[in-house]
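Participant: Would you mind keeping the following structure in view while I ask a few things?
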Amino acid sequence: MKTHYKYFIALTVLALCGCVNDDDYRTPTLDCDGTSLVKNMEPQAIPATSSVQLYVDNPTTMGDDVIEAYVTSSDKGGNFYKTISFQTLDASFGFSVDVDVTSTFVNFEPGRKVLIKLNGLYTQMYNSSLNLGGIYLINGYATIGRLPEADYLTYLNRSCTVIPEESLVQHVTLAQLKNDSYLNKLVEVDNVQFTDASVGHTYYESSNDIGGATNHLITDVVGDTLIFRTTVQADFSGNTVPNGNGKIRGILTKYGNDYQFIARTEDDIKLTNPRF
């Protein structure tokens, strides 16, 4: 009887393995309630200027004006707050959308394709980058505001398509990053480290607060530097800046004339090699 029982178990295992090792190696697709919208224009075709403008659909176009882009940022680590960065699939253009929503990474994670309806959005070229959102008035001066939680999904339409980050990330040097063309895109710099002045400090320090964040400098072997910015809300803000060398992935932003590199989570910072 024991022999027959062992034989039965062996046949069962073989049968199960045969079911797994068929010709279809794809991961099972879960149900997804994604949008059926299709893009009919590119984001770089949006006629934005330094002044806030209301976008109105082109009357000669049938239906809504819709652009397509992929999420690059994430607020999972707290370093991004109520803003989402996007880039086109071919990495030719990046922009951002302001939303009055937190934990957007749950539905708009990096690599997620999003179709964006433009009609009713406000546009502005702000700090050299296209910014979309609502409108906010400060002493009669109009600037881009956050889309209310109640209706932001009217504009941001989540698709079922998610591509790997490696399909979006661009590998660049610090010198190359000092260029408006990389704003809001997912980028990675290799063979970099924090400057000596930053080593031993924490990512955020109240004694070095600039607008709710701390600016450190990262540098490479030829001496180029770039601001590395960490907000007080980041869940790694109290951790110590590493003293190693390696690579950092994140989003390029800009304030005034200063380019600023922002990591999404501490996992973006991989400085495990000896310093140069």
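Participant: Can you name the residue in the range 117-142 that is more than 20 Å from the chain's Cα centre (by Cα) and of a type in the set (S, T, N, Q) and is also nearest to residue 55 (Cα to Cα) among such residues?
Facilitator: 119
Participant: Please pick out the residue among 127, 119 that is within 17 Å of residue 183 (Cα to Cα) and at pLDDT 95 or above.
Facilitator: Criteria check complete, one pass: 127.
Participant: Does the range 230-266 hold any residues that are free of Cβ contacts under 8 Å to residues at least 60 places away in the same chain and not in a loop (DSSP other than H, G, I, E, B), and which are they?
Facilitator: 240, 245, 246, 247, 258, 260
Participant: Another question about this same structure. For the range 160-196, give me the residue count where each residue is over 15 Å from the mean Cα position of the chain (by Cα), within 16 Å of residue 95 (Cα to Cα) and hydroxyl-bearing (Ser, Thr, Tyr).
Facilitator: 1
Participant: Another question about this same structure. If the requirement is being assigned to a loop (DSSP other than H, G, I, E, B) and over 21 Å from residue 254 (Cα atoms), which of these qualifies: 191, 119?
Facilitator: From the options 191, 119, the qualifying one is 119.
Participant: Still on this structure: Checking residue 153 against (1) crowded, with 16+ Cβ neighbours inside 10 Å; (2) not in a loop (DSSP other than H, G, I, E, B): exactly one of these is not met. Which one?
Facilitator: (1)
Participant: OK, next. Does the range 204-220 hold any residues that are buried (at least 16 other Cβ atoms within 10 Å of the Cβ) and assigned to a helix (DSSP H, G or I), and which are they?
Facilitator: none
Participant: Check 90, 65, 100 and return the single one that is free of Cβ contacts under 8 Å to residues at least 24 places away in the same chain, acidic (Asp, Glu) and out of contact with any strand residue (DSSP E or B) (no Cβ under 6 Å at 6 or more places or on another chain).
Facilitator: Exactly one residue qualifies, and that residue is 90.
Participant: Still on this structure, please answer the following. Run down 256, 250 and say which single residue is closer than 25 Å to residue 125 by Cα, in contact with a Phe, Trp or Tyr (Cβ under 6 Å, 6 or more places away or on another chain) and not assigned by TED's automatic domain parsing to the domain that holds residue 128.
Facilitator: Of the residues listed, the single one that is closer than 25 Å to residue 125 by Cα, in contact with a Phe, Trp or Tyr (Cβ under 6 Å, 6 or more places away or on another chain) and not assigned by TED's automatic domain parsing to the domain that holds residue 128 is 250.
Participant: What tally of residues in the range 144-168 results from selecting those that are under 18 Å from residue 85 (Cα atoms), of a type outside the set (A, V, I, L, M, F, W, C) and out of contact with any Asp or Glu (no Cβ under 7 Å at 6 or more places or on another chain)?
Facilitator: 11
The values are calculated or read from the model by the stated rules, or taken from the named source; none is laboratory data. Predicted model, so just to flag it, every value in this text is computed and none were measured. Neighbour counts are summed over all protein chains in view; Cβ atoms, including those assigned to glycine, are modelled from backbone coordinates with ideal geometry.
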